[in-house]
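Here's the structure, in structure tokens; my notes come after.
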Amino acid sequence: MPTEYFKRHHMRLDLASPVAVPPLPPGFHWLAWHESLVDAHADVLRQAFQDAADARLFPNLGCESGCRMLARAIRDCATFCPQATWLLAGPAGAVGCVQGLLEAGEGGVQNVAVLPEHRGRGFGAALLLQSLAGFQAVGATVAELEVTAANGSAVALYRRLGFRPYKAVYRSVDVPDRSMVGHGI
Ligand SMILES: CC(C)(COP(=O)(O)OP(=O)(O)OC[C@H]1O[C@@H](n2cnc3c(N)ncnc32)[C@H](O)[C@@H]1OP(=O)(O)O)[C@@H](O)C(=O)NCCC(=O)NCCS
């Protein structure tokens, strides 16, 4: 099976300065983490990542059952940080989400996601800042994330908010060979 390689940036931000979360437009509000919201997080992940390159890299992101498993796996992590985990909701329901993990004073931002029809309105930035404020509230001094280098809008967003790359890693994915299609594998 051919292998495809994805370059991923590890990016880091110092949390020494207070984080200011911008106000949301009328009709939008924050939903803090609650156990009952685990599937709402999963639904936003599925809709936001369905056409994203990351769904090839992490197949769980490409389907409903995978996103539900992922949301539960994050919640069940010993390092899960509810204070950095948020849903952004509008009049018609959730439009964005972010999850956080916290280990040894370092916040790990997971899966910033905004539904396609709500992008370019500052919601991605607002989610990230809300998560960073949550990390600060529980004493984190640094925030970190990993992003696919080809995901230009996400990399630009993280750079704009002050994250800087400090390490690159390559993740491999086995791509099914077209010649094998129909052979019952
Ligand atoms: C990455 C992602 C979260 C960004 O969400 P978003 O809501 O579009 O982010 P923002 O609106 O804050 O910023 C995006 C752009 O809109 C612009 N923008 C922000 N506020 C704006 C406003 N009020 N009016 C017009 N444009 C605005 C920003 O300048 C930014 O431009 P850029 O592409 O040059 O950086 C979203 O594209 C997404 O969910 N992608 C799929 C999932 C994914 O890849 N997540 C990242 C995994 S690491």
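The values are calculated or read from the model by the stated rules, or taken from the named source; none is laboratory data. Since the model is a prediction, treat every value here as computed from it, not as a measurement. Note: ideal-geometry Cβ built from the backbone for every residue, glycine included; neighbour counts use all protein chains shown. Areas reflect the complete protein model, heavy atoms only, side chains present, ligands, DNA and RNA absent. Shrake-Rupley method; radii C 1.70, N 1.55, O 1.52, S 1.80 Å.
Brief remarks on what is shown
- Taking the DSSP bridge list for the chain and keeping only pairs wholly inside it, about 90 percent are antiparallel.
- With a Förster radius of 22 Å applied to the C-beta separation of His34 and Asp76, the computed FRET efficiency comes to 0.90.
- Between the C-alpha center of the stretch 2-54 and that of the stretch 87-116 there is a gap of 3 Å.
- Counting only protein heavy atoms and a probe of 1.4 Å, the accessible surface of the chain is 54% carbon and sulfur.
- Taking the Cα centre of the chain as reference, the dipole from Cβ charges on Lys and Arg (+1) and Asp and Glu (-1) amounts to some 460 debye.
- Orientation-averaged projected area, Cα convex hull of the chain (nm²): 11.7
- Gaussian network model of the chain, springs between alpha carbon atoms under 10 Å - residue of Leu37, Leu87, Leu101 with greatest fluctuation: Leu37
- On a per residue basis, the chain carries 52 Å² of accessible surface, using protein heavy atoms and a 1.4 Å probe.
- Residues in the stretch 86-101 carry Karplus couplings, in order, of 9, 10, 10, 10, x, x, 9, x, 5, 10, x, 7, 8, 10, x, 10 Hz; the curve used is 6.51 cos²θ - 1.76 cosθ + 1.60 with θ = phi - 60°, and Gly or Pro positions show x.
- Across the stretch 1-50, Cα-Cα pairs more than 18 Å apart make up 69 percent of the total.
- Amide proton proximity set for Gly107, modelled H, under 5 Å, gap of 5+: Thr141, Val142, Ala143, Glu144
- Rounded to the nearest 0.05, the FRET efficiency derived from the C-beta distance between Ser17 and Ser153 at R0 = 25 Å is 0.50.
- Taking Cα atoms only, the orientation of helix 123-137 departs from the longest principal axis of the chain by about 60 degrees.
- Virtual spin-label span in nm between Ser65 and Val169, 7 Å along Cα→Cβ: 2.7
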